[in-house]
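Okay, structure first, notes after.
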Amino acid sequence: MNLFNLRIMNTVQNQIIRNLLVGIGALLLAIGCSNDSTDSVRPFASKVSLTLSRYYNAQGTTTLPVWESSSQAGVYVPGSSVASYASPILPGSQTSLFLFSFEGPRQEVSTIVGFWPADAPVFCENGRLQTTIPTLQDGTVSPCLIGKSTGRLDSYEGCEMTLSQIFCVMYISVKKGDYAVREVTVKANGGEAIAGELSVGIDDWAASASEQTITVTLPELLDCSQEAQIIPVMIAPVTLNKGYTATLTDTDGNSFAVSTNDPVELTAGGKYDTDEAASSYATELIFCGDNMIYMINADLADATGYKDAVTWSWDATTAATTLGLAASRCNHLDDCKPVNNGKQILATSSYHWCVLLDVETQQILFHTTSSSNAHSAEILPDDRIVVACSEGTGSTNNVLQLYNIASPNVIVDQVPLTSAHGVVWNEANQRLYAIGEQSLQVYSLKNWDTATPSLELEKTIQTPQNGLHDMTLVNSNTLCIAGKRAYLYDIGADRFTEMTLFSSSTSIKSLNYNDETGELWYTDATHPEGSQSWSTQTIRYATDMNASSETRTIKVPDLDMYKVRVLNW
């Protein structure tokens, strides 16, 4: 087709549209003038311009629909419980003009409600809009776009409105792991209704629902072994004053949950992302070395490597600007302790720094570069942190340092501890325990509700061996202490019990013990691996603290590793 013919066709097409609009205007004027009575029922037509909005889809992204020639939209006018339907005059775009036909009295200024798609279960009566959010869902997201506009329906100018999604989409995040999910149930902790019959006030657009539970049964099992997944849930746009609980069920019938007790506002057309849910039947580990921290699902790792099991990682060189250090000094990580229910990590480095890291955002919430040869840290009550600073010749070596999280780099208090290597807070007896060289020291918190808090030494206990490297809290009455050999310390009885599995170990860098199951995860540099005399490249697992050898290993061949921690047994 040549350019001349194309121009003729465009001109003709535009003329047809203009003639159609003029015809619509004439029709409106003719109908509007045919009867001046405001009470008599008569047919009339209305021009309405409708714009479709983006809505969140099942993939966690957005979909922008356009008007198709085969599609229709619906409109409710005041006083009518029956919708009128029309097809787009200008299909193929996000916005189109529609011509709706009605029967009723002459229209004054009023509010009308439009919706798409035309087969959506939308009803309008007595000033309220009614639709349905299924209580039984399958993980798909169906659009239900609704809008309103106020004006004279029978005027030549007509009216226009934007149609937006009426409900919210909750995306339940499921962490990578050796499991598959088949079902999830969502409830509001405060008992609010979140699905069923959704009623929306046309004047204030306030919404209320009728049912308290949504169950999503997936048509295909959600395999989480290769990557993290999301499960979309269509949910009412209401406020959950006490948060929610989403309970997931895997293919073995095991249940695990993600929840919050904080208020959650679910907005119409918006989305809400949950924290990551992880099966409590999967073991999650955190380990560190060089400039890296990794989280892995231990069930997905094996003796040959860990890469396929990684669920999260952090590169310390990304903190160089915050710390004010060269990237080469954002290295030598020696601890990566999960705190605050695993939502944060206290990371320390032998290159004299410590950070409190938010897992989800990877934002640094606290930092200090004044902690010489930092080897471990701990969260204390009232948003304070204590850092164990090990050997060296400076004034900030061989000490425990106290900080306020809100004041980076400001040392609030400092107490001596030779070769400080580990710190643990015991909430049950409100005491801080710290190890260094061949001593276990017990501290109380002094003047804690003032601007000058301090650590007060109450007791020093000699340990069976020197060269201590690590200490963890087993339960409220038991500490696990390791370095040269390993011991359980009974706080009440003031007694050490040797763990004979480690009777030949001289350099245990980390040891985590579960007294309920007998499991142990640890790193042992008695026979160093990697480029350092203190490093290892093997994470070890055992099921008996008095066994003769470990049960399994996970190789980390690309890292001079120091410590491993258990996020979830």
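Observations on the structure shown:
- The chain: calculated mean residue ellipticity at 222 nm from DSSP helix runs of at least 4, using -39500 (n - 2.57): -2000 deg cm²/dmol
- Student exercise, the chain dipole from Lys, Arg, Asp, Glu Cβ charges, in Debye to nearest 20: 1200
- Chain lengthening between Thr418 and Asp382 when straightened (0.36 nm per residue, less Cα-Cα): 10.3 nm
- Full extension of the chain between Ile202 and Gln462 yields a length gain of 86.2 nm, computed as 0.36 nm times the residue separation minus the alpha carbon distance.
- Pairwise FRET efficiency - Leu365 versus Gln72, Cβ, R0 = 51 Å, nearest 0.05: 0.45
- The calculated FRET efficiency for Leu90 paired with Asp273, based on their beta-carbon distance and R0 = 51 Å, is about 0.90.
- In degrees, nearest ten, helix 3-33 long axis to first principal axis of the chain (Cα): 70
- Distance from the C-alpha centroid of the stretch 355-429 to that of the stretch 438-482: 14 Å, rounded to the whole angstrom.
- Directionally averaged projected area (the stretch 427-569, Cα convex hull): 9.9 nm².
- Pairs of alpha carbons in the stretch 284-568 whose separation is greater than 31 Å (percent): 21
- Between Asp315 and Glu211, full extension at 0.36 nm per residue minus the direct alpha carbon distance yields a gain of 32.9 nm.
- Of the labelled figures [x] 157; [y] 215; [z] 206, only one reflects volume of the Cα convex hull per residue in Å³ as derived from the coordinates, namely [y].
- Two-site label geometry, Asn254 and Lys242: point separation in nm, points 7 Å out along Cα→Cβ: 2.9
- Cα-Cα separations in the stretch 168-277 greater than 21 Å, expressed as whole percent: 34
- Here the spin labels are modelled as points 7 Å beyond Cα on the Cα-Cβ line, and at Thr506 and Ser533 they lie 1.1 nm apart.
Bear in mind that the values in this text are calculations on the coordinates, not laboratory data. Keep in mind it's a predicted model, so treat the numbers as computed, not measured. Neighbour counts run over all protein chains shown; Cβ positions are idealised from the backbone, glycine included.
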